[in-house]
Amino acid sequence: MELRQLRYFMEVAEREHVSEAAANLHVAQSAISRQIANLEAELGVSLFEREGRNVKLTQIGKIFFTHTTTAMKAIDHARKQIDEYLDPERGTIKIGFPTSLASQLLPTVISEFKEKFPKVAFQLRQGSYNFLIESVKNRDIDLAFLGPVPTDQIDIKGDILFSENLSALIPASHPLSERKSINLRDLRNEPFVLFPKGYILHKLAIDGCKQAGFQPIVTSEGEDLDAIKGLVSAGIGITLLPESAFGETLSRYTKKVAIESPQLRRTVGIIIPKHRNLAPSEKVFYNFVKDFFSVLQQFQ
């Protein structure tokens, strides 16, 4: 069994089309067909079945694909470890982040890091809370920024970098927008604009309202920060957001108002796999991030 055969197999399995796989790999279609036939002969099973011009994995093919994917990720990681052992300040780091940390935290950290380590490259992937956790577990990304930092994941190690308050974002025309702070219960009869159920910022808002003794009236939903803020700007409702999600400037149609009671906070941090060693460049970045925020905390 050769690595080339496995890579050909995975490409065909993902595309479900031999000619498309050949075009993407820049090899002849006959070469792919021959190598997969050799692989099936060695294994003694059929990995694909034809459906017209397309191919589909057989049941045993699906099982083999799952294990092959895991094995290839391990091999790629091992190769990366060797390359970066030779030059730890050169490498590519795959970083995940949620939408709430995209405007301030991520650009700040990466720009500061690139000042010291200009040869390190980044691949960035935005995703939801659970998606980022699973992606770190599955080696699809190397590490991720996340808030709140998970504490119940046996395969994930989380480091808290800082904590931040949640505040209310209110239409500028709303009577409460002129106040410096409010009791969250003051919003019990107001329409809320939230992320859909399943998003962590939805859960934080719902839990906060329950802590204040009421179930929020959710009238509208948006799947990204710009949509949420736009709906609030239009006077559709109010929302609750963590400090890092507000950005440096606010629309003239909205006002940020502190929540006096109950005090709502979330942790923000970085997560890495617990049972896998980081590659040298990943370790350099991971330690840099922890040191960077440690210094920031001393000045706050």
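Against the condition under 19 Å from the mean Cα position of the chain (by Cα) and either of a type in the set (Asp, Glu) or part of a loop (DSSP other than H, G, I, E, B) (or both), how does residue 197 come out, does it pass? Judged against the criteria, residue 197 is a match.
Among residues of the range 84-107 being farther than 20 Å from residue 132 by Cα, open to solvent by 60 Å² or more (accessible area, probe 1.4 Å) and in a helix (DSSP H, G or I), the one that is modelled with the lowest pLDDT is 86. Between residues in the range 186-200 that are crowded, with 20+ Cβ neighbours inside 10 Å and residues that are of a type in the set (Asp, Glu), which pairs lie under 7 Å by C-beta distance while being six or more apart or on different chains? Short answer, once both residue conditions are applied: 194/221; 195/221; 195/223. Filtering the range 121-163 to residues that are within 30 Å of residue 231 (Cα to Cα), open to solvent by less than 30 Å² (accessible area, probe 1.4 Å) and in a helix (DSSP H, G or I) leaves 132, 133. Look through the range 164-176, keep the residues that are buried (at least 18 other Cβ atoms within 10 Å of the Cβ) and more than 24 Å from residue 148 (Cα to Cα), and return whichever of them is nearest to the chain's Cα centre (by Cα). Taking the candidates together, the pick is 171. Residue count for the range 3-41 under the criterion of being free of Cβ contacts under 8 Å to residues at least 24 places away in the same chain and either part of a loop (DSSP other than H, G, I, E, B) or in contact with a Pro (Cβ under 9 Å, 6 or more places away or on another chain) (or both): the result is 3.
The set of residues in the range 200-224 being among the small types (Gly, Ala, Ser) and in a helix (DSSP H, G or I) consists of 205, 208. Look at (1) in contact with a Pro (Cβ under 9 Å, 6 or more places away or on another chain); (2) assigned to a helix (DSSP H, G or I) and you find that residue 227 fails only one, number (1).
The values are calculated or read from the model by the stated rules, or taken from the named source; none is laboratory data. Keep in mind that what you see is a predicted model, and the values were worked out from it rather than measured. When we count neighbours, we look across all protein chains shown, and the Cβ atoms used for this are built from the backbone with ideal geometry, even at glycine. Just the protein is used for accessible areas: all its heavy atoms, side chains included, with ligands, DNA and RNA removed. Shrake-Rupley method; radii C 1.70, N 1.55, O 1.52, S 1.80 Å.
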